[in-house]
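K.L.:
Before I ask anything, here is the structure I am working with.
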Amino acid sequence: MSGARPRLAVWKFASCDGCQLSLLDCEDELLAVAGKLDIANFPEASSAVSEGPYDLSLVEGSITTPHDAERIQAVRRQSRVLVTIGACATAGGIQALRNFADVDDFLRAVYATPAYISTLATSTAIGDHVAVDYELRGCPINKAQLLDVIGAFLAGRRPRVSSASVCTECKRRGTVCVMVAHGAACLGPVTHAGCGALCPAYDRPCYGCFGPKELANAAALAAHAEGALGADRATMTRAFHTFNAWAEPFRSLSRHGEPPPEPGHD
């Protein structure tokens, strides 16, 4: 980098833009980021775009088209460090629900002329296509975690993003456990921390927005919910069948023992 500010690029693939907006929502902190980084390519924030290479690339969105499968290769070649942000980029996102069915059925149902649509049979994470240096989970991501990842890059250290579960966040804010108190089928024990235990704070079970935590025993949680809590199998299938449905171990639980097709296969 030879004294110059590191160059940042932010890329969008199949997504809702919510994770990019999390960076813009940093407001005052964004000024500090802009003072340390040269924001060279961020169409969500500015029409001024500088060509690569880039020192740090933040990538939002999943790979759903042949064109994007090629484009992410070009992004990787231009990026010294590549960080994926959000459930779409790290697990295929809500659009990965297509992976459990036949995408041609969806095309016929939605589009008057399906032949004009160029898409892949699956929606997959960026890491399924290129090497990724760090994954930041969430739907959307936590802006404080994002700032820590950027700060870690600038300082040459590892990010200090917690690998704990949502249960830890419930304890820290003094939230009554909805599973113990109300018998709710909550995904908090197997879900990565980052939301601040938002849903349990309002007496709602965790929906797994931040994806599976490290070494998550999702099968044991599902068995407990179906046994001790009396949740039916359909309820637990739906619980794992949301924002991070294609991330293991949620993927295996999404059909309760019926292995879904692998990416690229019928």
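K.L.:
Students often forget the sequence filter, so: which lysines lie under 24 Å Cα-Cα from residue 36 once same-chain residues fewer than 8 apart are removed?
P.N.:
Within reach: 12, 143.
K.L.:
Which value in nm describes the separation of the simple spin-label points at residue 4 and residue 152, placed 7 Å from the Cα toward the beta carbon?
P.N.:
Placing both labels 7 Å beyond Cα along the Cβ direction yields 2.7 nm.
K.L.:
Suppose the chain between residue 101 and residue 228 were pulled fully straight at 0.36 nm per residue; how much longer would it get relative to their current alpha carbon spacing?
P.N.:
In short, 42.6 nm is gained.
K.L.:
If you restrict to DSSP beta bridges whose two residues both lie in region 1-92, what percentage is antiparallel, to the nearest 5?
P.N.:
Given both bridge residues lie in region 1-92, the antiparallel proportion sits at roughly 5 percent.
K.L.:
Here is a follow-up. Given the Cα-Cα distance of residue 17 and residue 215 and 0.36 nm per residue of separation, how much length would full extension add, in nm?
P.N.:
That pair, residue 17 and residue 215, stretches by 68.4 nm at full extension.
K.L.:
Using the Cα gyration tensor of the chain, with a ≥ b ≥ c the square roots of its eigenvalues, what is the shape: rounded (a/c below 1.5), prolate (a/b larger than b/c) or oblate (neither)?
P.N.:
Cα axes put the chain in the oblate bin.
K.L.:
Can you bin region 112-237 into rounded, prolate or oblate? Criterion: square roots of the alpha carbon gyration tensor eigenvalues sorted a ≥ b ≥ c, rounded for a/c under 1.5, prolate for a/b above b/c, oblate for the rest.
P.N.:
Verdict is oblate for region 112-237.
K.L.:
Here's a follow-up. Using the beta-carbon distance between residue 202 and residue 24 and R0 = 22 Å, what value does 1/(1 + (r/R0)^6) give for FRET efficiency, to the nearest 0.05?
P.N.:
Using R0 = 22 Å, I get an efficiency of 0.25.
K.L.:
How big, on average over all directions, is the shadow cast by the Cα convex hull of region 166-253, in nm²?
P.N.:
Computed as one quarter of the Cα hull surface, the answer is 4.9 nm².
K.L.:
Output the antiparallel fraction of DSSP beta bridges having both residues in the chain, as a percent to the nearest 5.
P.N.:
So the antiparallel bridges amount to about 25 percent of the total.
K.L.:
Could you check what % of the DSSP bridge pairs in region 7-155 are antiparallel, to the nearest 5?
P.N.:
The answer is about 15 percent antiparallel.
K.L.:
While we're here: Using a Förster distance of 41 angstrom, determine the FRET efficiency expected from the C-beta separation of residue 168 and residue 46, and round it to 0.05.
P.N.:
0.65
K.L.:
Sorted by average packing, counted as other Cβ atoms within 10 angstrom per residue and highest first, what order do 221-230, 134-143, 187-196, 163-172 take?
P.N.:
187-196, 134-143, 163-172, 221-230
Just so you know, all these numbers are worked out from the coordinates, no wet-lab data involved. Keep in mind it's a predicted model, so treat the numbers as computed, not measured. For neighbour counting, all protein chains shown are included, and Cβ atoms are generated from backbone atoms with ideal geometry for every residue, glycine included.
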